[in-house]
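Following: one structure in C-alpha coordinates, then a few remarks.
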Amino acid sequence: MQKIAQFITKIVDFFYPPFEKFLSKEIFRYAACGGGNMVLDWVLYFLLYNFVIGHDLIYIPLCIVHCPSSICLTPHIATLCIVFPITLLTGFWLNKYVTFTHSSLRGRNQLLRYISIVALNLAINYFGLKLCVEILYWYPTPSKILITIVTVIVSFFGQKYFTFKR
(Lines give C-alpha, C1' and ligand atoms only; values in the text may rest on other atoms or scores of the structure.)
Protein backbone atom coordinates (compact mmCIF):
# COMPACT_ATOMS: atom_id res chain seq x y z
CA MET A 1 0.00 0.00 0.00
CA GLN A 2 2.90 2.32 0.75
CA LYS A 3 4.19 1.94 -2.81
CA ILE A 4 0.76 2.86 -4.19
CA ALA A 5 0.73 5.95 -1.96
CA GLN A 6 4.21 6.93 -3.17
CA PHE A 7 3.15 6.43 -6.78
CA ILE A 8 0.04 8.60 -6.32
CA THR A 9 2.10 11.24 -4.51
CA LYS A 10 4.60 11.37 -7.40
CA ILE A 11 1.79 11.80 -9.92
CA VAL A 12 0.13 14.56 -7.89
CA ASP A 13 3.45 16.33 -7.25
CA PHE A 14 4.27 16.20 -10.97
CA PHE A 15 1.38 18.61 -11.60
CA TYR A 16 2.22 20.89 -8.65
CA PRO A 17 4.85 23.33 -10.09
CA PRO A 18 2.41 25.67 -11.91
CA PHE A 19 0.45 26.06 -8.65
CA GLU A 20 3.32 26.47 -6.15
CA LYS A 21 3.00 30.29 -6.13
CA PHE A 22 -0.66 30.04 -5.09
CA LEU A 23 -1.00 26.86 -3.01
CA SER A 24 1.10 24.98 -0.51
CA LYS A 25 1.97 21.43 -1.50
CA GLU A 26 -0.34 20.13 1.22
CA ILE A 27 -3.35 22.10 -0.05
CA PHE A 28 -2.58 21.03 -3.62
CA ARG A 29 -2.36 17.38 -2.58
CA TYR A 30 -5.60 17.73 -0.62
CA ALA A 31 -7.32 19.27 -3.64
CA ALA A 32 -6.01 16.60 -6.00
CA CYS A 33 -6.83 13.66 -3.74
CA GLY A 34 -10.14 15.15 -2.66
CA GLY A 35 -10.99 15.95 -6.26
CA GLY A 36 -10.18 12.41 -7.34
CA ASN A 37 -12.25 10.98 -4.50
CA MET A 38 -15.08 13.37 -5.30
CA VAL A 39 -15.11 12.30 -8.95
CA LEU A 40 -15.10 8.67 -7.81
CA ASP A 41 -18.09 9.52 -5.58
CA TRP A 42 -20.00 11.20 -8.42
CA VAL A 43 -19.29 8.43 -10.92
CA LEU A 44 -20.24 5.67 -8.50
CA TYR A 45 -23.36 7.59 -7.47
CA PHE A 46 -24.40 8.12 -11.09
CA LEU A 47 -23.75 4.51 -12.14
CA LEU A 48 -25.39 2.93 -9.11
CA TYR A 49 -28.38 5.28 -9.13
CA ASN A 50 -29.09 4.90 -12.83
CA PHE A 51 -28.01 1.33 -13.59
CA VAL A 52 -28.06 -0.68 -10.35
CA ILE A 53 -30.57 0.80 -7.92
CA GLY A 54 -32.81 2.23 -10.59
CA HIS A 55 -35.51 4.71 -9.77
CA ASP A 56 -37.57 2.44 -7.53
CA LEU A 57 -37.99 2.43 -3.78
CA ILE A 58 -35.78 -0.06 -1.95
CA TYR A 59 -37.38 -2.18 0.78
CA ILE A 60 -35.06 -3.74 3.34
CA PRO A 61 -36.78 -6.45 5.37
CA LEU A 62 -36.30 -6.44 9.12
CA CYS A 63 -36.28 -9.70 11.01
CA ILE A 64 -38.24 -8.93 14.13
CA VAL A 65 -39.81 -11.90 15.91
CA HIS A 66 -43.54 -12.21 15.07
CA CYS A 67 -43.60 -8.76 13.51
CA PRO A 68 -42.57 -8.65 9.86
CA SER A 69 -41.63 -5.17 8.76
CA SER A 70 -39.25 -3.36 6.47
CA ILE A 71 -37.45 -0.08 5.96
CA CYS A 72 -38.13 1.84 2.77
CA LEU A 73 -35.31 3.85 1.20
CA THR A 74 -35.71 6.25 -1.68
CA PRO A 75 -33.32 5.41 -4.55
CA HIS A 76 -31.14 8.49 -4.02
CA ILE A 77 -30.67 7.69 -0.32
CA ALA A 78 -30.09 3.98 -0.99
CA THR A 79 -27.39 4.95 -3.50
CA LEU A 80 -25.81 7.27 -0.94
CA CYS A 81 -25.73 4.39 1.58
CA ILE A 82 -23.78 2.23 -0.87
CA VAL A 83 -21.36 4.85 -2.19
CA PHE A 84 -20.60 6.52 1.13
CA PRO A 85 -18.54 3.75 2.80
CA ILE A 86 -16.45 3.29 -0.33
CA THR A 87 -15.47 6.94 -0.57
CA LEU A 88 -15.00 7.12 3.21
CA LEU A 89 -12.25 4.52 3.03
CA THR A 90 -10.58 5.85 -0.12
CA GLY A 91 -10.72 9.40 1.28
CA PHE A 92 -9.13 8.41 4.59
CA TRP A 93 -6.41 6.44 2.87
CA LEU A 94 -5.55 9.28 0.49
CA ASN A 95 -5.56 11.88 3.27
CA LYS A 96 -3.41 9.77 5.59
CA TYR A 97 -0.83 8.53 3.10
CA VAL A 98 -0.72 11.25 0.43
CA THR A 99 -1.91 14.57 1.87
CA PHE A 100 -1.34 14.80 5.63
CA THR A 101 1.69 12.55 5.98
CA HIS A 102 3.31 14.53 8.82
CA SER A 103 0.59 14.12 11.42
CA SER A 104 1.90 12.80 14.72
CA LEU A 105 -1.45 11.34 15.78
CA ARG A 106 -1.86 7.57 15.90
CA GLY A 107 -3.67 5.99 12.96
CA ARG A 108 -6.54 4.78 15.15
CA ASN A 109 -7.12 8.30 16.50
CA GLN A 110 -6.93 9.71 12.99
CA LEU A 111 -9.51 7.21 11.78
CA LEU A 112 -11.91 7.98 14.64
CA ARG A 113 -11.54 11.71 14.06
CA TYR A 114 -11.90 11.23 10.33
CA ILE A 115 -15.09 9.26 10.86
CA SER A 116 -16.48 12.06 13.07
CA ILE A 117 -15.87 14.66 10.34
CA VAL A 118 -17.30 12.29 7.76
CA ALA A 119 -20.36 11.71 9.97
CA LEU A 120 -20.95 15.45 9.92
CA ASN A 121 -20.60 15.36 6.13
CA LEU A 122 -22.99 12.41 5.95
CA ALA A 123 -25.60 14.45 7.85
CA ILE A 124 -25.06 17.35 5.44
CA ASN A 125 -25.43 14.92 2.51
CA TYR A 126 -28.54 13.26 3.91
CA PHE A 127 -30.44 16.41 4.81
CA GLY A 128 -29.15 18.20 1.72
CA LEU A 129 -30.44 15.43 -0.56
CA LYS A 130 -33.75 15.34 1.28
CA LEU A 131 -34.09 19.11 0.83
CA CYS A 132 -32.95 19.29 -2.78
CA VAL A 133 -34.66 16.16 -4.14
CA GLU A 134 -37.79 15.80 -2.04
CA ILE A 135 -38.66 19.42 -1.25
CA LEU A 136 -37.13 21.46 -4.08
CA TYR A 137 -37.65 18.64 -6.67
CA TRP A 138 -34.16 18.96 -8.17
CA TYR A 139 -32.54 16.04 -9.97
CA PRO A 140 -30.52 13.79 -7.63
CA THR A 141 -27.12 13.89 -9.38
CA PRO A 142 -26.81 17.71 -9.65
CA SER A 143 -28.11 17.94 -6.07
CA LYS A 144 -25.37 15.58 -4.96
CA ILE A 145 -22.75 17.65 -6.76
CA LEU A 146 -23.89 20.88 -5.07
CA ILE A 147 -23.94 19.26 -1.65
CA THR A 148 -20.48 17.83 -2.25
CA ILE A 149 -19.09 21.34 -2.73
CA VAL A 150 -20.38 22.28 0.72
CA THR A 151 -18.95 19.15 2.32
CA VAL A 152 -15.54 19.65 0.70
CA ILE A 153 -15.19 22.99 2.50
CA VAL A 154 -16.31 21.53 5.83
CA SER A 155 -14.05 18.53 5.35
CA PHE A 156 -10.88 20.47 4.54
CA PHE A 157 -10.96 22.51 7.72
CA GLY A 158 -11.97 19.51 9.81
CA GLN A 159 -9.23 17.27 8.44
CA LYS A 160 -6.52 19.93 8.53
CA TYR A 161 -7.14 21.21 12.03
CA PHE A 162 -8.70 18.21 13.77
CA THR A 163 -8.11 14.82 12.17
CA PHE A 164 -4.53 15.15 10.88
CA LYS A 165 -3.21 18.00 12.99
CA ARG A 166 0.51 17.97 13.68
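The values are calculated or read from the model by the stated rules, or taken from the named source; none is laboratory data. As the structure is a computational prediction, the values presented were derived from the model and not from experiment. Counting neighbours? That spans all protein chains shown, and the Cβs are built from the backbone with ideal geometry, glycine included. Note: accessible area is taken over every heavy atom of the protein model, side chains too, but ligands, DNA and RNA are not part of it. Shrake-Rupley method; radii C 1.70, N 1.55, O 1.52, S 1.80 Å.
So here's what we get for this one:
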{"read-out": "Check: the range 49-166 dipole with +1 on Lys, Arg Cβ and -1 on Asp, Glu Cβ, in debye", "value": "760"}
{"read-out": "Relative contact order of the chain, pairs being alpha-carbon contacts under 8 Å that are 6 or more residues apart, as %", "value": "24"}
{"read-out": "Order by protection proxy (mean Cβ within 10 Å, highest first), peptides 11-20, 77-86", "value": "77-86, 11-20"}
{"read-out": "Answer label for P(r) over Cα pairs in 10 Å bins from 0, in percent (calculated), chosen among [x] 9, 37, 36, 15, 3, 0; [y] 10, 33, 31, 19, 6, 1, 0; [z] 8, 11, 9, 7, 7, 7, 6, 6, 6, 5, 5, 4, 4, 4, 4, 3, 3, 2, 1, 0", "value": "[y]"}
{"read-out": "Angle in degrees between helix 140-158 and the longest Cα principal axis of the chain, rounded to the nearest 10", "value": "40"}
{"read-out": "C-alpha long axis of helix 75-94 to longest principal axis of the chain, angle in °", "value": "20"}
{"read-out": "Degrees separating the helix 25-47 axis from the principal Cα axis of the chain, which is the longest one", "value": "20"}
{"read-out": "Accessible surface, the range 17-100, averaged per residue in Å² (probe 1.4 Å)", "value": "58"}
{"read-out": "Accessible surface of the chain, 1.4 Å probe, proportion on carbon and sulfur as whole %", "value": "73"}
